[in-house]
1. Can you tell me how many residues in region 173-193 are surrounded by fewer than 19 Cβ atoms within 10 Å (Cβ to Cβ) and either under 28 Å from Val67 (Cβ atoms) or touching a Lys or Arg at 6+ places or on another chain (Cβ under 9 Å) (or both)?
2. (1) in contact with an Asp or Glu (Cβ under 9 Å, 6 or more places away or on another chain); (2) within 18 Å of Phe161 (Cα to Cα); (3) not small (Gly, Ala, Ser): which one isn't true of Ile57, the others all being true?
3. Could you grab me the full set of residues in region 33-65 that are surrounded by fewer than 13 Cβ atoms within 10 Å (Cβ to Cβ) and farther than 15 Å from Ala102 by Cα?
4. If you check Val79 against the conditions, is it aliphatic (A, V, I, L, M), more than 24 Å from the chain's Cα centre (by Cα) and surrounded by 20 or more Cβ atoms within 10 Å (Cβ to Cβ)?
5. Name the residue, out of Gly181, Gly120, that is at positive phi and at pLDDT below 80.
6. Among the listed residues Ala143, Ala128, identify the single one that is without any contact (Cβ under 8 Å) to a residue 40 or more places away in the chain, assigned to a helix (DSSP H, G or I) and exposed (fewer than 14 other Cβ atoms within 10 Å of the Cβ).
7. Got a sec? Which of Gly97, Gly92, Gly80 is of a type outside the set (S, T, N, Q) and more than 18 Å from Leu25 (Cα to Cα)?
8. Within the set of pairs 6 or more residues apart or between chains, which connect a residue that is over 10 Å from Leu169 (Cβ atoms) inside region 7-31 to a residue that is assigned to a helix (DSSP H, G or I) and among the acidic types (Asp, Glu) with Cβ atoms less than 7 Å apart?
Amino acid sequence: MDGAFILAHVPDYLSGAWVTLRFGLYGVACSLALGLLCCLVRSFRVPVLRQIAGGYIELARNTPLLVQLFFLYAGLPRVGIKFSAEACAVIGLTFLGGAYMAEAFRSGLESVDKSQTEAGACIGLTRAQNIRYVVFPQALATAVPALFANVIFLIKETSVFSVLAMMDLMNVADTLRTSGGHTVEVLFMLAAAYLMILLPVSLLATLAERRLRYAGFGDRHSV
């Protein structure tokens with residue numbers, strides 16, 4: 001293990017990590033919003049939109065992100081629609097992640113027993129109040145593990161951004177590997193960089209789940 005090589009290229013990995021984390025978080029944030037919207041559309045059976053959301057979820061979950069990125073970056077320009085590499089990265093990650101987030105939210109909503117909403121109605125809560133104070137907190141507590149698992153999955157999926165010529169972690173590592181030949185050191189630093197990004201997310205997931213359950217949001221008999 002060449003320590004001098006590792007120290008010399010730490011700034012390169014920090015730069016790549018920033019690109020990976022920044023666009024990964026953009027995609028995660030947009031995925032959460034899109035997933036919640038699709039979940040609500042399907043759960044409340046909005047006509048037509050429910051079928052569209054269902055079709056989108058199946059399409060996104062059953063096609064690789066790499067194919068989606070090639071379609072955005074190389075396919076759409078053929079019909080006059082062109083996005084920057086950064087925009088393609090965020091759109092592609094959102095398209096993929098929104099479907100997984102929607103399913104996570106859906107599983108959370110379905111875990112809330114009907115008796116909870118009935119109890120809320122009995123104490124005078126409106127439909128909106130029932131959703132806000134009874135259904136959503138319990139659904140969120142149940143969905144937290146799946147949501148954070150999706151966050152970790154999506155950040156790892158940013159490794160394919162290198163096909164868009166973005167200087168993310170994978171691109172930095174591949175460039176150093178092909179130019180310097182220090183394969184072991186390059187891969188060691190790549191693994192360490194992803195670990196430093198994802199380990200805090202994993203710890204945050206555990207903390208969030210514990211706090212939600214400690215607050216009683218995961219209690220099926222909270223009403």
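The values are calculated or read from the model by the stated rules, or taken from the named source; none is laboratory data. Note that the structure is a prediction, hence the values are computed from the model and not measured. Every residue, glycine among them, receives a Cβ derived from its backbone with ideal geometry; neighbour counts consider all protein chains shown.
1. 7
2. Result: Ile57 fails condition (2) only.
3. Answer for region 33-65, where residues must be surrounded by fewer than 13 Cβ atoms within 10 Å (Cβ to Cβ) and farther than 15 Å from Ala102 by Cα: Pro47, Val48, Pro64.
4. On the way: aliphatic (A, V, I, L, M): yes; more than 24 Å from the chain's Cα centre (by Cα): yes; surrounded by 20 or more Cβ atoms within 10 Å (Cβ to Cβ): no.
Answer is no for this residue.
5. It is Gly181.
6. So the residue among Ala143, Ala128 that is without any contact (Cβ under 8 Å) to a residue 40 or more places away in the chain, assigned to a helix (DSSP H, G or I) and exposed (fewer than 14 other Cβ atoms within 10 Å of the Cβ) is Ala128.
7. Values: Gly97 fails: more than 18 Å from Leu25 (Cα to Cα); Gly92 fails: more than 18 Å from Leu25 (Cα to Cα).
After ruling out the rest, the residue left standing is Gly80.
8. Going by the 7 Å Cβ cut-off, the qualifying pairs are Phe23/Glu86.
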